Amino acid sequence: MRKTLLLIFTALSLLPCNAQEQGSADIIPMPNKLEVTAGRVLRLGSEVKVSIPKDLNKRKAIVGYLEGRLNDNNIHTRSTTAKKAQLLLVVDNTLQDEAYELTVTPKRAVIKSNAQGAGFFYGVQSFMQLVPAEADAEAAVQCVEIKDAPRFQYRGAMIDVARNFQSKQTVLRFIDLMAAFKMNRLHIHLTDDQGWRIEIKRYPRLTEVGSKRSQTMIGHSDYYYPRRFDGKPQEGFYTQQDIKEMVAYAADRFITIIPEIEMPGHSSAALAAYPQYSCGLGKQYVVRDYMDIFDEVYCPQEQTFEFLQNVLTEVMDLFPSEYIHIGGDECPKKAWKVCPRCQALIKKLNLKDEHELQSWFIHRIERFVNSKGKNIIGWDEILEGGLAPNATVMSWRGEVGGIEAAKMKHKVIMTPGDYCYIDHYQEDPEHAPLAIGSYLPLDSVYAYNPLPESLTPEEQKYIIGTQANLWGEYVQTADYLEYMAYPRLMAMAEVQWTDAEKKDVNNFHKRLKTQFAWLDKKGVHACRNFYEAEFGGAWNNAQNVYEVKLKTLCPDAEIRYALDCADENRFKTYSAPIALDKETELWAAVYVDGKRMGGITHKRFAVNKATGCEYTCSPKAAWENMHEGYALTDGLRGFSKDTRYWTGFNKDTLRIDISLHEATTISRVKLGTLWRTWNAVWPVREVRVMVSDDGNEYRTVACKKPEYDFSLTEATRFPVEVKFEESGARFVRLVILGGGKCHEGHYNAGEPSELALDEIEIY
Ligand code: ACM
Ligand code: ZN
């Protein structure tokens, strides 16, 4: 009788594993110790019996969270005893904070953590990542044994809600997604020149005035000169009640919110509300409607400190965080230099200069914050003029500031732009939606190691963690916020959690493929270039041919492509580099099990007789950011959106000597020249084409003075074409006159302009 009952019980509720079943153990971030029990799975029924100890920190939140996640898979939970539980949480106070153990057998899953609770929360995350995104009652959970703890205690992400406001719901969803990848600090940039986003009861004008602007610039701040504006008023702030909700929501997910109140710079919005705290008393300040660094900053007088301390007091009452971020970055000293009060203060305090005045400012704010039992974080500029005694440094201008601070035994959070600035482009900037610039693809985030080798192991202990920063200048919608954040935050989560020697980028891609299904299920507007084709074109010297290679980050996928054809039905499978002998646009897409998972991407290659040829420039290029030394003949035309693909010169006369692959006949030269007034880049005035058979004797075949539409105020690539009678040539020389002086009406009128070229084409 007992035996029969047991059999029925097992069949109904445990749905025991079949032999040799396989689930996936594609957890992000990679656990630090993971053993997969091959061929074994736990089958969850439509109702999972759960046992959770009574006396846990945040028990209610953990139970609610777990129920919510399982409900997403149509699996319900029922409370039961430890003995009967399929999912059992066990307190083990020998484990350190945030550490957990997860054992899944065909019978049950057991999560161990200390009673502080974070370990349970992270154990639940790992467990839920074992449940296939689309699974329901028949979910097969891979049997595993995990013993896990984070590499860094500070695992952050920053959002900037000052430049463009994001709703409370958007922030809560952002927190929810962070939690799924075991991140534990949300740094929220609440104030800047373009908006003040937190209610301060004592200073109502901060939100009445400071949270509103009349319009916003269109496009990138470098694109248009004069600037263009959308004419649409923008506003938004969080009430103190909103903040309390956000803080509690985050705390339930073991995330601490760190507020940033910027000072002394980036303070236009506050000064629009309370101009008496600026250096220029009586002047009218405005909430800024474009993105830049502004000269209006707080004036360090007694009444300003009283104001800032009152603000910080309300902020500290709202945020239980140990840390308050006080900014400190990008504070121009222009106002202080001409302000009699600032100058008198410098004298009185016997300071060397305005940098020391900034340092004194930050010291003073630190003393106040410390007096309330809290600590400050500041951007690495707070090192200049002397670091405040207890400050934690957020190193953003590379790692230099972080290294210096760690050597001084200060805590450091590493956020160098080259790895952590997820406001940069993550896919081909030519076709990507607008970002601030630069390029930070998924794998570059993944490659980051926040512990510099130049520090001793003892000094490295001061690096408490790292953080991805999502500045908001161009982040105007919630969907775009997610597009910029995902999947790069998953790479960052692994940088933060997983020991360096356990990281493996190919394995990360495999796991990302599994977890992307969960992002899709949650409706996350992630960037899909993981599932798209990337084009790499280069001259192959050995074969004497221009080749394009296609690749995708997604493992076990098929790439299909076509030349000069966007119709996916005519795509064929890519298997080897594609040789091009003329201008061609490639179109491609990525397929998993025959299904297209991302968009169709395309790239135009301007292959011509100059492509892949060596050249020399005299004088040498002043700037080249991509394809250094061959950018002008790399087969890719620069585009107006981004200057990094261009070769820049700061002399007005220029000679470029191109050595063709072979003696040939030519009759046309094309040259791209940039018009981008904000950067003082003017197009060429004259192009002279000369040819030679031996590289010594040159003769002029054509000279052109191009005409341009200078009424355009948008950054523009002007193609210049010089035609001439067919001539034999082995060498081609271009003698170029730059744009001359910046025109009347320009901010730099009368000063020399710069020149930017790309690409040189010869036909
Ligand atoms: C910063 O990116 N200005 C800290
Ligand atoms: Zn002043």
Lone qualifier among ASP418, ASP428 - being in contact with a helix residue (DSSP H, G or I) (Cβ under 9 Å, 6 or more places away or on another chain), in contact (Cβ under 8 Å) with a residue 24 or more places away in the chain and within 16 Å of ligand 1 (Cβ to nearest atom): ASP418
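Results for (1) among the polar types (S, T, N, Q); (2) crowded, with 22+ Cβ neighbours inside 10 Å, shown as yes or no for each residue.
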position: GLU208; (1), (2): no, no
position: GLN215; (1), (2): yes, no
position: TYR224; (1), (2): no, no
position: ARG228; (1), (2): no, no
position: ASP242; (1), (2): no, no
position: ASP252; (1), (2): no, no
position: THR256; (1), (2): yes, no
position: PRO259; (1), (2): no, yes
position: HIS266; (1), (2): no, yes
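Name the one entry in TYR203, TYR223, TYR238 that is of a type outside the set (Gly, Ala, Ser) and under 21 Å from ASP642 (Cβ atoms). If you could, list the steps in order and put the result at the bottom.
Details: TYR203 fails: under 21 Å from ASP642 (Cβ atoms); TYR238 fails: under 21 Å from ASP642 (Cβ atoms).
The match here is TYR223.
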Residues satisfying the stated conditions in the stretch 259-279, i.e. assigned to a strand (DSSP E or B) and closer than 24 Å to LYS244 by Cα: PRO259, GLU260, ILE261, GLU262, MET263
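Among strands (runs of 3 or more DSSP E) lying entirely in the stretch 31-91, which contain 1 or more residues that are closer than 21 Å to ASP252 by Cβ? Before the answer, list the steps.
On the way: elements: 34-43, 47-51, 76-79, 87-91.
Result: 47-51, 76-79, 87-91.
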Top-ranked residue in the stretch 297-354 [being aliphatic (A, V, I, L, M) and over 27 Å from THR256 (Cα atoms); ranked as farthest from ligand 1 (Cβ to nearest atom)]: ALA344
Some residue of the stretch 280-297 being among the β-branched types (Val, Ile, Thr), assigned to a strand (DSSP E or B) and more than 12 Å from ligand 2 (Cβ to nearest atom): no
Pairs with Cβ under 8 Å, 6+ apart, first in the stretch 702-717 and over 21 Å from ARG227 (Cβ atoms), second modelled with pLDDT of 95 or more and outside any strand (DSSP E or B): LYS705/ARG685; PRO706/PRO683; PRO706/VAL684; PRO706/ARG685
Which numbered condition GLU399 fails, given (1) more than 30 Å from SER278 (Cβ to Cβ); (2) buried (at least 21 other Cβ atoms within 10 Å of the Cβ); (3) away from ligand 1 (no atom under 16 Å from the Cβ): (3)
Residues of the stretch 722-745 satisfying the condition of being in contact with a Ser or Thr (Cβ under 6 Å, 6 or more places away or on another chain) and in a loop (DSSP other than H, G, I, E, B): GLY739, CYS742
Residue in the stretch 321-328 that is crowded, with 23+ Cβ neighbours inside 10 Å, at positive phi and away from ligand 2 (no atom under 16 Å from the Cβ) present: yes
Qualifying positions in the stretch 627-674 - surrounded by fewer than 21 Cβ atoms within 10 Å (Cβ to Cβ), among the aromatic types (Phe, Trp, Tyr) and under 17 Å from PRO719 (Cα atoms): PHE639
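With respect to ASP55, is the statement that it is open to solvent by 20 Å² or more (accessible area, probe 1.4 Å) and within 17 Å of LEU130 (Cα to Cα) true? Talk me through it step by step, then tell me what you get.
Numbers: open to solvent by 20 Å² or more (accessible area, probe 1.4 Å): yes; within 17 Å of LEU130 (Cα to Cα): no.
Spelling it out, it is not the case that ASP55 is open to solvent by 20 Å² or more (accessible area, probe 1.4 Å) and within 17 Å of LEU130 (Cα to Cα).
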Residues of the stretch 655-693 satisfying the condition of being in contact with an Asp or Glu (Cβ under 6 Å, 6 or more places away or on another chain) and of a type in the set (Ser, Thr, Tyr): SER659, THR665, SER667
Search result, residues across the stretch 478-530 that are without any contact (Cβ under 8 Å) to a residue 60 or more places away in the chain, more than 16 Å from LEU442 (Cα to Cα) and either of a type in the set (Val, Ile, Thr) or open to solvent by 50 Å² or more (accessible area, probe 1.4 Å) (or both): ASP479, GLU501
Residues of the stretch 221-262 that turn out to be basic (Lys, Arg) and within 14 Å of ILE200 (Cα to Cα), as a count: 1
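The values are calculated or read from the model by the stated rules, or taken from the named source; none is laboratory data. No experiment lies behind these values; they were computed from the predicted model shown. Glycine gets a Cβ as well: all are built from the backbone with ideal geometry, and neighbour counts include every protein chain shown. Ligands, DNA and RNA are excluded from the accessible area calculation, which covers all protein heavy atoms including side chains. Shrake-Rupley method; radii C 1.70, N 1.55, O 1.52, S 1.80 Å.
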